[in-house]
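Q: Sharing a structure below in structure tokens format, with a few things to ask.
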Amino acid sequence: MDNCLFCKIANGEIPSKSIYEDDIVLVFLDINPNSNGHTLIIPKKHYKDIDDIDDDVYAHIFKIAKKIKSILIQKLNCDGMQLVQNNGSCQDVKHYHLHLIPHYEKQDILSVDEVYEKIMR
Ligand code: 5GP
Ligand code: ZN
């Protein structure tokens, strides 16, 4: 979709710290994380929100979310994980995305680059 930030990230027009991709989704680190390892899963195809997205794509996103959750827990030693998906007035970017937000009992704040290095090493 023209002028959609996450479509541009999905097609590589805008760079991202990507940690996984397949034909259907791209997974990358949030530019303004709530915690170390805050990650977004987006469908490569444009869907606005939960009402718009195809059921098959939705199911695939949650299958991948399980895998990514395990990777983040293993690489970053987080203690918990929030899965969040905003719609309507609380959704800033109008291209469906699922947030994976690690929770830590205690954490030292790292830069997105430092977190990316830890995940990819
Ligand atoms: P929403 O409020 O729409 O659920 O969340 C949008 C998220 O996208 C926010 O957490 C924000 O930090 C993230 N975000 C916005 N612009 C960019 C960007 O250009 N790159 C990345 N990686 N994340 C972004
Ligand atoms: Zn889009």
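Q: Any idea which of Asn36, Ile73, Ile19 is furthest toward the positive side of the dipole for the chain, if Lys and Arg beta-carbons carry +1 and Asp and Glu beta-carbons -1?
A: Ile73
Q: Related question: Quick one: 3J(HN,Hα) in Hz for the stretch 100-115, Karplus 6.51/-1.76/1.60 with θ = phi - 60°, rounded, Gly and Pro as x.
A: 10, 10, x, 10, 10, 4, 8, 9, 8, 5, 10, 6, 4, 4, 5, 5
Q: Please identify every one of the GluC sites (Glu not before Pro) in the stretch 56-121 that sits in a loop by DSSP and has no more than 11 other beta carbons within 10 Å of its own beta carbon.
A: Qualifying residues, ordered by number: Glu105.
Q: Cα-Cα over 31 Å: which of Lys17/Lys48; Lys44/Lys69; Lys48/Lys106; Lys66/Lys118?
A: Exceeds cut-off: Lys48/Lys106.
Q: Mind pulling the angle between the C-alpha long axis of helix 55-76 and the longest principal axis of the chain? Nearest 10 degrees, somewhere in 0 to 90.
A: 20
Q: Using only the alpha-carbon atoms of the stretch 26-88 as identical scatterers, what base-10 log of I(q)/I(0) does the Debye formula give at q = 0.15, 0.23 Å⁻¹?
A: The computed values of log10 I(q)/I(0) come out as -0.50, -1.08.
Q: Next up: With charges only on Cβ, +1 for K and R and -1 for D and E, what is the dipole size of the chain about its Cα centre, in debye, rounded to 20?
A: Roughly 320 debye, rounded to the nearest 20.
Q: Just the Cα atoms of the stretch 1-54, one point each, no solvent: what log10 I(q)/I(0) does Debye give at q = 0.14, 0.16, 0.31 Å⁻¹?
A: -0.36, -0.48, -1.29
Q: With r defined as the distance between the Cβ atoms of Met1 and Asn34 and R0 fixed at 35 Å, what FRET efficiency is calculated, to the nearest 0.05?
A: Computed FRET efficiency for Met1 and Asn34: 0.85.
Q: For the chain, report the translational diffusion coefficient in µm²/s to the nearest whole number, using Stokes-Einstein at 4 °C, 1.567 mPa s, and a Kirkwood Rh over Cα pairs.
A: 89
Q: Before rounding to the nearest 500, sum -39500 (n - 2.57) across all DSSP H runs of length at least 4 in the chain and divide by the residue total; then give [θ] at 222 nm in deg cm²/dmol.
A: About -9500 deg cm²/dmol.
Q: Next question, about the same structure. May I have the convex hull volume per residue, in Å³, for the Cα set of the stretch 73-121?
A: Cα convex hull per residue, to the nearest whole number: 110 Å³.
Q: So for the chain, averaging the separation of alpha carbon pairs under 8 Å that are six or more residues apart and normalising by length, what relative contact order in percent results?
A: Answer for the chain is 30 percent.
Only the coordinates and a few stated rules stand behind these numbers; no lab work does. Bear in mind that the values here come from a model prediction, so they are computed numbers and not experimental data. Don't worry about glycine lacking a Cβ; one is built from the backbone with ideal geometry, like all the others, and counts go over all protein chains shown.
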